[in-house]
Amino acid sequence: MEKYKCKSVGIVGCGIQGVCIGLQLIKKDIPVTIFDRYDPLSSEFQPASYGNAGHFSPYSVLQFNRTDILYDVPKMLFSSYGPLALKWNYVPKMIPWFLHYLKNCNKKSMLHTAKYMNQILSLSNDAYEEIFKEIDTTNLIEKKGIIYVWTNQNLKSRDLEIKVRNDLGVEQKLLTQKEILKLEPNLNPVFDAGVIYENSMHAKDPHGILKAIFKLYLNKGGKFIQENIKSLKQIEENTTVIKSERENYSFEKTIIASGAFSKKLTDQLEENIPLDTERGYHIHFKDMGHLISRPVIFLDRGFGMTPMNQGLRAVGTVELGGLKNPPSKKRIDYLIKCAKELLPQLKKHEDEWLGFRPTLPDFLPILGPSLKNKNIIYAFGHHHLGWTLGAITGKIISGIVAEEKTNLDLSPYSSKRFN
Ligand SMILES: Cc1cc2nc3c(=O)[nH]c(=O)nc-3n(C[C@H](O)[C@H](O)[C@H](O)COP(=O)(O)OP(=O)(O)OC[C@H]3O[C@@H](n4cnc5c(N)ncnc54)[C@H](O)[C@@H]3O)c2cc1C
């Protein structure tokens, strides 16, 4: 095996990014310790990587920095039953994020984001397939495609999405209402048309997959310490220190993979990174997973349903409200209403969950070294696509640590763009 120079790595966060980075590093024989405030094998562990919609979405190149969406934002915000909501007490804190967002909300930035999301998304499934060869995926993964449906109300936006994906060579098959109902006969026909990504897969249990990857990491010699990390810094050329409430730990390199909570740590490194969160929710309708065969997303409503082992997971919406505000009952009511619109036979729901998408205002993640501390490496900001991008992020970040050459252009993911 090739010997790499790096002697030790600490990772803050055991979400899908942290665990995939840890796995790739340990496979290179680099000693790794992952820290998380929750044990990934326990039921307390419920970060974004636990509660997401489970889509592996390599086709999702177009993001929300688009003028067609920007014009709709005020209307959506003032309707309490729309796909987008605000916690008004958080608005002043989010101003820096909004200013960067406005700067990135134009055709040039939209296409830049699409191009560089496509660069990593197009490699995302192959990176997972490598990991899946080493874990038992029985009853964890389903390969039946993913369907998006829509009404004729926002056809300009739909045309734009179809065109950008075509231009980037993304496979997509447009469907009429009749064709959708043939695939998913239980759906209430409140939509007009849609698209299927036939080669896409979905997770029937994202937490189950994460746990399997985590166990593989431990079996290969990776270490885990359950601690809440308070601070970190680089103290010498080749020494970084991670501080918890109880102890200090030294590593040659440290990786911040703390999802939406990463900003607390990067703020200590004199870098002003405008990371914020798009809050999202899920609920389950127990024993109702059989009503659809694959994920169905209703684009007009900003919500979707995924058949999972826990039941039918109704999931989605975007709420801008930071990390500390309590969950909103209205968002849960909105999810129930949307789910019953598509499947009127649904009855009582359970498991109300709020999660935090880590989102930068240009909708690209940050992957690469800190500007002032080259041994602290960032791996966060994967917004709506962090589940899809876990395995490829593991490969990219472990390559950076091992100082491997890459054919990828990683400059668009640097934090330099905000500093
Ligand atoms: C409703 C919803 C639906 C989604 N659906 C999809 C989807 O279908 N497909 C898709 O690709 N993506 C989806 N996403 C996005 C995806 O879930 C996230 O982008 C991804 O899970 C982020 O992974 P992460 O590892 O960066 O962060 P997280 O999963 O949030 O993990 C971060 C970890 O860091 C730990 N941590 C943070 N700070 C500290 C600290 N100071 N000390 C110790 N530990 C710390 C946390 O405990 C946590 O375990 C969805 C997200 C939401 C909210």
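The values are calculated or read from the model by the stated rules, or taken from the named source; none is laboratory data. Quantities reported herein were computed from a predicted structural model and do not represent experimental measurements. In this analysis, Cβ positions are derived from the backbone assuming ideal geometry, glycine residues included, and neighbour counts consider all displayed protein chains. These accessible areas exclude ligands, DNA and RNA; they are computed on the full protein's heavy atoms, side chains included. Shrake-Rupley method; radii C 1.70, N 1.55, O 1.52, S 1.80 Å.
Checking Leu275 against (1) more than 26 Å from Ile69 (Cβ to Cβ); (2) crowded, with 21+ Cβ neighbours inside 10 Å; (3) in contact with a Leu (Cβ under 9 Å, 6 or more places away or on another chain), only one condition comes out false. Which one?
Failing condition for Leu275: (1).
Identify, by number, the condition in (1) open to solvent by 10 Å² or more (accessible area, probe 1.4 Å); (2) within 14 Å of the ligand (Cβ to nearest atom); (3) more than 20 Å from the chain's Cα centre (by Cα) that Cys338 doesn't meet.
(1)
Can you tell me how many residues within region 258-272 are more than 9 Å from the ligand (Cβ to nearest atom) and open to solvent by less than 20 Å² (accessible area, probe 1.4 Å)?
3
Against the definition (within 11 Å of the ligand (Cβ to nearest atom), modelled with pLDDT of 95 or more, under 30 Å from Thr67 (Cα atoms) and open to solvent by less than 10 Å² (accessible area, probe 1.4 Å)), how does Gly394 come out, yes or no?
no
I'm told Thr406 meets every condition in (1) more than 15 Å from the ligand (Cβ to nearest atom); (2) under 15 Å from the mean Cα position of the chain (by Cα) except one. Can you identify the failing condition by its number?
Failed condition: (2).
If I ask for residues that are away from the ligand (no atom under 13 Å from the Cβ) and open to solvent by less than 10 Å² (accessible area, probe 1.4 Å), which ones from region 314-335 would you list?
Gly322
Could you please find all residues in region 158-180 being among the acidic types (Asp, Glu) and open to solvent by 70 Å² or more (accessible area, probe 1.4 Å)?
The answer is Asp159, Asp167, Glu171, Glu179.
Could you tell me how many of the residues in region 400-419 are more than 20 Å from Asp276 (Cα to Cα) and open to solvent by less than 10 Å² (accessible area, probe 1.4 Å)?
Qualifying residue count, region 400-419: 1.
Hand me the list of strands (runs of 3 or more DSSP E) wholly inside region 142-238 holding 1 or more residues that are closer than 30 Å to Val9 by Cβ.
223-226, 229-236
Ile255: surrounded by fewer than 18 Cβ atoms within 10 Å (Cβ to Cβ) and over 17 Å from Tyr38 (Cα atoms), yes or no?
no
Being hydrophobic (A, V, I, L, M, F, W, C) and farther than 17 Å from Gly259 by Cα is the filter here, so list the residues in region 386-419 that pass it.
Ile400, Val401, Ala402, Leu408, Leu410, Phe418
Out of region 213-252, which residues are closer than 30 Å to Asp136 by Cα, of a type outside the set (D, E, K, R), open to solvent by less than 80 Å² (accessible area, probe 1.4 Å) and touching a residue at least 24 places away in the same chain (Cβ under 8 Å)?
Selection gives Ile213, Phe214, Leu216, Tyr217, Gly221, Gly222, Phe224, Ile225.
Within region 356-391, can you find the residues that are more than 19 Å from Pro58 (Cβ to Cβ), within 13 Å of the ligand (Cβ to nearest atom) and open to solvent by 20 Å² or more (accessible area, probe 1.4 Å)?
Answer for region 356-391, where residues must be more than 19 Å from Pro58 (Cβ to Cβ), within 13 Å of the ligand (Cβ to nearest atom) and open to solvent by 20 Å² or more (accessible area, probe 1.4 Å): just Phe356.
Return the residues of region 76-129 that are assigned to a helix (DSSP H, G or I), open to solvent by less than 30 Å² (accessible area, probe 1.4 Å), touching a Ser or Thr at 6+ places or on another chain (Cβ under 9 Å) and within 23 Å of Gly302 (Cα to Cα); say none if nothing qualifies.
Result: Trp97, Met110, Met117, Leu121.
Working only within region 2-58, note down all residues that are assigned to a loop (DSSP other than H, G, I, E, B), open to solvent by less than 20 Å² (accessible area, probe 1.4 Å) and more than 11 Å from the ligand (Cβ to nearest atom).
Of everything in region 2-58, those that are assigned to a loop (DSSP other than H, G, I, E, B), open to solvent by less than 20 Å² (accessible area, probe 1.4 Å) and more than 11 Å from the ligand (Cβ to nearest atom) turn out to be Cys6, Ile30.
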